[in-house]
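The values are calculated or read from the model by the stated rules, or taken from the named source; none is laboratory data. Computed from a prediction, not measured in an experiment: that's the story for all the values here. Ideal geometry is used to build each Cβ from the backbone, glycine not excepted, and the neighbour counts take in all protein chains shown.
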């Protein structure tokens with residue numbers, strides 16, 4: 001069982017309904033393209049380890065939120081404990097791009113007093129012929145908000161790793177520099193090191209066994 | 001209402017001791033400290049002296065077993081944050097208790113749940129507690145091991161005698177002396193916080209185990225068990241536990257992290273793959289769902305509070321009355337282990353049917369599919385693991401596929417972790433859906449009742465699975481030595497007990513959610 005990680009980062013994935021949030025995450029965590037038919041209800045969870053430097057692994061806990069408007073009142077509650085986020089839009093759906101601003105506002109207002117490092121993701125870049133949002137336009141918007149921009153495709157596995165690892169790297173740098181701190185009562189970043197204060201029953205059963213042997 | 005003991009439990013106390021109850025409680029109080037020692041002694045002798053009770057025969061010792069089991073549940077129960085009037089009165093000098101809703105429930109359990117008699121040995125408890133815990137702990141460990149070795153039920157007259165005495169003190173007096181002793185108990189409760197309920201559990205744990213049923217282990221809380229298992233004489237670790245663990249997810253997270261570190265340390269030296277409940281629970285995203293549920297619960301709680309401050313007069317009174325009703329099903333969860341029959345529900349179909357039926361009653365779009373799958377998988381695994389053993393002699397080809405006790409143990413822990421994670425996921429989804437849509441077809445109160453029913457169904461399934469897995473362990477490990485098999489069996493029961501606790505604690509998290517839902521729906525109907 002892979003267990004050793006330096007930090008755990010909690011990432012939240014947001015964006016309009018049907019832009020492909022769940023597909024992107026499942027490509028990243030399961031390594032396959034799943035044609036998700038049912039819209040996400042509330043929030044779903046995924047996790048994966050990422051090695052950012054040799055021997056330095058970070059566990060990503062990914063909160064996959066529902067994009068549908070009706071879930072907004074609930075998903076709002078989940079922002080606060082995230083350190084990073086992927087803001088997705090669908091490059092073949094201009095409307096989803098126009099909503100990026102709204103999503104950012106939504107996130108920023110609910111994450112107080114903490115902040116989230118966002119990455120703007122133009123998804124479904126395999127559908128070049130149906131593109132409605134140009135790369136320059138998206139990069140410009142991302143730049144205006146101080147975000148990186150990546151174009152991805154879950155179906156063709158384009159830039160999926162890149163999107164997550166770049167975001168992870170950025171957060172890692174901020175943690176290293178002390179701009180992001182691990183705080184009590186905030187789940188955004190957790191350290192993998194925890195002193196072994198409390199003893200579990202399992203330990204005891206084990207030592208018991210040793211004694212008896 | 002101030003007392004949770006049901007009068008129906010009285011028959012379990014054939015001596016009909018209620019009239020002696022009060023003097024007994026007073027007189028016996030100083031003797032309570034050495035009690036566990038006495039019990040320990042008899043516990044050690046009993047399995048040898050009375051092997052006549054057949055394995056798994058739960059009907060014969062019903063009379064003594066039912067009561068402690070139920071009482072055990074009581075200690076897990078969380079009464080509503082507001083204490084009953086009479087307790088409030090006695091707590092004037094300790095108003096803090098009411099202001100701290102997080103701490104208050106466990107303390108109030110002490111005052112209300114029938115542990116009133118603890119008050120009589122009041123403050124000296126602090127110093128003796130640690131020793132008592134250790135002694136009881138050892139006693140239990142030994143009792144468990146004996147029980148496991150024989151796999152019989154060490155219930156005999158020697159055992160039931162001291163237990164009946166305990167019943168006199170534990171059960172009945174609290175009825176009558178509630179008000180009198182409430183003072184001491186609650187004062188102590190506030191001073192001791194969680195520990196008093198811890199030791200209560202230890203106390204009744206002793207009882208339950210000694211009454212004989214191994215199944216009772218399922219009801220021992222995690223924290224208690226840490227104390228017991230370690231026989232922690234210093235009480236320091238327990239203290240650390242009390243301070244450290246504020247929320248359920250924190251308890252679980254710590255367990256997981258501990259295991260991760262252990263695993264990390266063991267990688268080189270220990271090749272044996274051990275099933276780690278906490279890590280598996282996290283892998284099934286149980287921790288994440290739990291945290292999300294906690295978020296929704298906390299948010300709902302503050303919403304309810306703010307609504308209450310905006311109302312006044314009749315409106316406020318009405319709402320308070322409504323909320324009180326909604327809270328009721330949350331303090332009435334009674335899970336009777338005796339009802340769980342091993343033979344029933346071979347393939348998990350019955351569980352799925354019961355759960356689906358209950359979920360349908362909530363009138364929100366949620367299904368039992370995931371939970372059903374977990375339970376079915378577990379049942380399939382058990383069926384597969386027990387099969388080759390039976391046919392070994394006849395069918396040579398089957399021999400190749402034999403299972404070790406470690407296999408069974410891993411499979412058991414994994415199934416329990418998964419079922420618990422999925423249960424919490426289910427509660428989380430239910431919370432989300434309830435917050436989203438107020439249904440006209442069903443009242444919030446009805447939903448609360450159904451959810452408490454669902455909690456019972458889930459705990460029953462946990463209990464059933466642990467029984468199936470442990471009997472599978474004993475079958476497969478029939479040639480193993482006790483010191484190999486026993487820790488594995490204990491491990492399964494322990495994690496089953498934890499699982500049931502986690503499920504019930506998550507159920508409690510739904511209460512504020514339902515309260516908000518009720519406020520929403522009554523606001524909706526007022527507008528129409």
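What to note about this one:
- Restricting region B:431-456 to residues that are part of a helix (DSSP H, G or I) and at the interface with chain A (Cβ under 10 Å from one of its Cβ atoms), the residue that is surrounded by the most Cβ atoms within 10 Å (Cβ to Cβ): B:431
- Qualifying residues in region A:175-213 (those that are in contact with a strand residue (DSSP E or B) (Cβ under 7 Å, 6 or more places away or on another chain) and more than 7 Å from every other protein chain (Cβ to nearest Cβ)) - the one modelled with the lowest pLDDT: A:192
- If you check B:514, B:488 for being in the same structural domain as residue B:454 (by the TED database) and over 30 Å from residue B:438 (Cβ atoms), only one passes: B:488.
- Scope region B:478-500; condition touching a residue at least 40 places away in the same chain (Cβ under 8 Å) and surrounded by fewer than 22 Cβ atoms within 10 Å (Cβ to Cβ); matching residues: B:480, B:482, B:484
- Selection from region A:27-47 of residues that are in contact with a strand residue (DSSP E or B) (Cβ under 7 Å, 6 or more places away or on another chain) and touching a residue at least 24 places away in the same chain (Cβ under 8 Å): A:28, A:29, A:40, A:43
- Residue A:30 surrounded by fewer than 17 Cβ atoms within 10 Å (Cβ to Cβ) and closer than 26 Å to residue B:279 by Cα: yes
- Matching residues, region A:1-49, being under 12 Å from residue A:63 (Cβ atoms), in a helix (DSSP H, G or I) and more than 13 Å from chain B (Cβ to nearest Cβ): A:21, A:22
- Residue match in region B:220-243 (condition: within 10 Å of chain A (Cβ to nearest Cβ), modelled with pLDDT of 50 or more and surrounded by fewer than 23 Cβ atoms within 10 Å (Cβ to Cβ)): no
- Annotation note: of A:70, A:57, A:76, the sole residue that is assigned to a strand (DSSP E or B) and more than 22 Å from residue A:154 (Cβ to Cβ) is A:57.
- Residue A:82 falls short on exactly one of the conditions (1) assigned to a loop (DSSP other than H, G, I, E, B); (2) under 16 Å from the mean Cα position of the chain (by Cα); (3) free of Cβ contacts under 8 Å to residues at least 40 places away in the same chain, and that condition is (3).
Here is a yes/no grid of residues against (1) surrounded by fewer than 22 Cβ atoms within 10 Å (Cβ to Cβ); (2) within 14 Å of chain B (Cβ to nearest Cβ); (3) touching a helix residue (DSSP H, G or I) at 6+ places or on another chain (Cβ under 6 Å); (4) under 14 Å from residue A:15 (Cβ atoms):
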position	(1), (2), (3), (4)
A:61	no, yes, no, no
A:71	yes, yes, no, yes
A:74	no, yes, yes, no
A:87	no, no, yes, yes
A:91	no, no, no, yes
A:95	yes, no, no, yes
A:98	yes, no, no, yes
A:101	yes, no, no, yes
A:104	yes, no, no, yes
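- For region B:408-429, the condition holds for no residue, the condition being that it is over 26 Å from the mean Cα position of the chain (by Cα) and either surrounded by fewer than 22 Cβ atoms within 10 Å (Cβ to Cβ) or under 21 Å from residue B:249 (Cα atoms) (or both).
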